[in-house]
Amino acid sequence: MVYRFGIRKTLRLLFNTRFMAVFIIAAVLATLVSVSIGDVNEGDMYEATTTVYSASYSSYLESLLGAYMAKEYVGVTNSYRIAERAAASVQDAVVASEVQDMVDASSKAASIVIRISAKSRDMEMAVSVANAVAESFVQEVSSINAVEGIRILDRAEYATISERTVTKVLRLRVAFVLAVLFVVVALKVAMAAMDKRVMEVREVTLDLNIPFMGAIPREKSKHGLARRR
């Protein structure tokens with residue numbers, strides 16, 4: 001017997017009363033479990049930004065060199081040496097590894113400006129770390145090149161909210177519930193694909209190639225159950 005996957009048959013199995021009850025129960029249980037995912041009281045994530053630039057602009061060649069330095073030294077901002085120096089200059093208790101996790105740097109192509117940002121759930125910590133890393137970066141690059149070619153353009157004065165914890169947690173919880181429901185539906189579809197029962201006339205005439213003369217209709221009994229005449 002060659003079995004053909006029927007969309008109508010699958011939809012009928014998905015929207016029957018028994019499966020809908022299972023679907024609703026799975027949705028309720030998944031929602032209850034998702035409450036344990038994340039902590040809405042953890043606090044929002046703040047981001048502070050400091051910019052540094054290449055001050056080598058006395059000639060066209062120096063300008064090109066400054067742009068090259070800004071591009072090549074972006075990765076240095078997250079080095080352990082700079083993070084260690086920045087951690088030592090920050091008044092709050094923070095270690096170099098934490099500074100490395102907080103800091104990110106970027107620079108656009110052919111630009112002499114480097115953007116250094118720091119993220120933290122403490123607004124003041126984000127500002128302090130961003131400025132400390134920028135200062136450490138300027139000192140490190142100056143010591144490498146023996147010239148003061150990199151300077152701070154704008155210091156971080158405040159931090160803005162980069163990620164709201166409530167929004168993030170809600171997204172995780174909704175994603176978990178949807179994933180559970182997807183698995184439930186996928187299992188039901190797989191079961192429908194392996195179901196060999198004949199539920200439609202076309203399965204007899206097309207799949208089994210058996211001549212079909214008629215069908216006995218179903219009718220509801222007094223108790224609401226379908227039965228054959």
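The values are calculated or read from the model by the stated rules, or taken from the named source; none is laboratory data. Fair warning: this is a prediction, and the values are worked out from it, not measured in the lab. Neighbour counts are summed over all protein chains in view; Cβ atoms, including those assigned to glycine, are modelled from backbone coordinates with ideal geometry.
Would you confirm whether or not region 57-75 contains a residue that is farther than 30 Å from G43 by Cα, in contact with a Ser or Thr (Cβ under 9 Å, 6 or more places away or on another chain), part of a strand (DSSP E or B) and at pLDDT below 90?
No.
Pull up region 74-127, narrow it to residues that are of a type in the set (D, E) and over 24 Å from the mean Cα position of the chain (by Cα), then point me to the one that is farthest from Y53 (Cα to Cα).
Residues of region 74-127 of a type in the set (D, E): 84, 92, 98, 101, 104, 122, 124.
Applying the additional criterion that residues be over 24 Å from the mean Cα position of the chain (by Cα) yields 84, 92, 124.
Working: E84: 22, D92: 27, E124: 24 Å.
So the residue we want is D92.
Any residue that is modelled with pLDDT under 70 and in a helix (DSSP H, G or I) - is there at least one of those in region 78-91?
no
On the given criteria, is E140 free of Cβ contacts under 8 Å to residues at least 60 places away in the same chain and outside the structural domain of L32 (by TED's automatic domain parsing)?
No: the conditions fail for E140.
Considering only region 31-49, I want to know if a residue exists there that is modelled with pLDDT under 80, among the polar types (S, T, N, Q), exposed (fewer than 15 other Cβ atoms within 10 Å of the Cβ) and touching a Phe, Trp or Tyr at 6+ places or on another chain (Cβ under 8 Å).
No: zero hits.
Using beta carbons and a limit of 9 Å, which pairs, at least six apart or on different chains, have the first residue in region 115-137 and closer than 17 Å to R164 by Cβ and in contact (Cβ under 8 Å) with a residue 40 or more places away in the chain and the second one of a type in the set (K, R) and not in a loop (DSSP other than H, G, I, E, B)?
The qualifying pairs are A126/K119.
Scan region 188-203 and give yes if some residue there is of a type outside the set (D, E), touching an Asp or Glu at 6+ places or on another chain (Cβ under 8 Å), modelled with pLDDT of 70 or more and on the phi < 0 side of the Ramachandran plot, otherwise no.
Taking every residue of region 188-203 in turn, none turns out to be of a type outside the set (D, E), touching an Asp or Glu at 6+ places or on another chain (Cβ under 8 Å), modelled with pLDDT of 70 or more and on the phi < 0 side of the Ramachandran plot.
Mind counting the residues in region 6-26 that are touching a helix residue (DSSP H, G or I) at 6+ places or on another chain (Cβ under 8 Å), farther than 17 Å from V177 by Cβ and at pLDDT 75 or above?
2
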